[in-house]
1. Hey, can you tell me all the residues within region 63-118 that are in a loop (DSSP other than H, G, I, E, B) and in contact with a Leu (Cβ under 8 Å, 6 or more places away or on another chain)?
2. Just checking, how many residues over region 49-62 are surrounded by 12 or more Cβ atoms within 10 Å (Cβ to Cβ) and part of a strand (DSSP E or B)?
3. If you go through region 19-48 one residue at a time, how many are exposed (fewer than 12 other Cβ atoms within 10 Å of the Cβ), under 12 Å from V93 (Cβ atoms) and β-branched (V, I, T)?
4. Restrict the check to region 49-62 and report whether at least one residue is at pLDDT below 90 and at positive phi.
5. Scan T96, T85 and give me the residue that is modelled with pLDDT of 95 or more and β-branched (V, I, T).
6. Can you find a residue that is among the polar types (S, T, N, Q) and within 16 Å of T110 (Cα to Cα) anywhere in region 26-49?
7. Pairs only if they're at least six apart or on different chains, beta carbon under 9 angstrom, first in region 94-111 and under 11 Å from R30 (Cα atoms) and in contact (Cβ under 8 Å) with a residue 24 or more places away in the chain, second charged (D, E, K, R) and assigned to a strand (DSSP E or B); list them, first residue then second.
8. Restricting attention to region 64-101, report how many residues are among the charged types (D, E, K, R), touching a strand residue (DSSP E or B) at 6+ places or on another chain (Cβ under 9 Å) and surrounded by fewer than 18 Cβ atoms within 10 Å (Cβ to Cβ).
Amino acid sequence: MAMLVATVGLLGLLQSVIVAYQHTVKTRCRSEAVRVAEERMHTLSGLPYANITGNSEKSNVETRMVGGVPWSYTVTSKVQRAGSTSAAVKLTVAITWIARGEAASHEIYTLRTRRVGE
């Protein structure tokens, strides 16, 4: 009887370890997605204003190592006019990925104006 109780307890403990590991993987994937988005936004906002004006959208797939496993992230960069003026554009970077059959996404945006001397 004691063996049965100990086995049930250990199986419950094993299940909690599995759930904790899955949560850790999801958190690491999200952290890497945020890193990818910030890198892409930094690159995009650092371009000369003349190179980023107009309405455009670009997508590509980027693979990053997360916990020793390659994960694919779809990166979509968008440039849109901000209002009716040509003095500012809205830069958007959206990241999507699939972790354990579940789709997830992260999106950041900023406004970029013409800097002095551009």
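The values are calculated or read from the model by the stated rules, or taken from the named source; none is laboratory data. All values reported here derive from a predicted model rather than from experimental measurement. Cβ atoms come from the backbone with ideal geometry, glycine included; neighbour counts cover every protein chain shown.
1. Start the filter on region 63-118 by keeping residues that are in a loop (DSSP other than H, G, I, E, B), which leaves 67-68, 82-87, 100-101, 114-118.
A82 - this is the single residue of region 63-118 that is in a loop (DSSP other than H, G, I, E, B) and in contact with a Leu (Cβ under 8 Å, 6 or more places away or on another chain).
2. Step one: of region 49-62, the residues surrounded by 12 or more Cβ atoms within 10 Å (Cβ to Cβ) are 49, 52-53, 62.
Remaining after also requiring part of a strand (DSSP E or B): 62.
Number satisfying all stated conditions: 1.
3. Selection size over region 19-48: 1.
4. Here is the first cut: in region 49-62, the residues at pLDDT below 90 are 49-57.
Pick out the ones that are also at positive phi and you get 54.
Looking through region 49-62, at least one residue is at pLDDT below 90 and at positive phi.
5. Details: T85 fails: modelled with pLDDT of 95 or more.
Result of the check over T96, T85: T96.
6. Pass one, region 26-49, residues among the polar types (S, T, N, Q): 27, 31, 43, 45.
So of that shortlist, the ones also within 16 Å of T110 (Cα to Cα) come out as 43, 45.
Checked against the condition, which is being among the polar types (S, T, N, Q) and within 16 Å of T110 (Cα to Cα), region 26-49 yields at least one hit.
7. Partner pairs satisfying both residue conditions: I95/E62; I95/E107.
8. In the first step, residues of region 64-101 are kept if they are among the charged types (D, E, K, R); the result is 64, 78, 81, 90, 100.
Now drop any that are not touching a strand residue (DSSP E or B) at 6+ places or on another chain (Cβ under 9 Å), which leaves 64, 78, 81, 90.
Of the ones still in play, those that are also surrounded by fewer than 18 Cβ atoms within 10 Å (Cβ to Cβ) are 64, 81, 90.
So the answer is 3.
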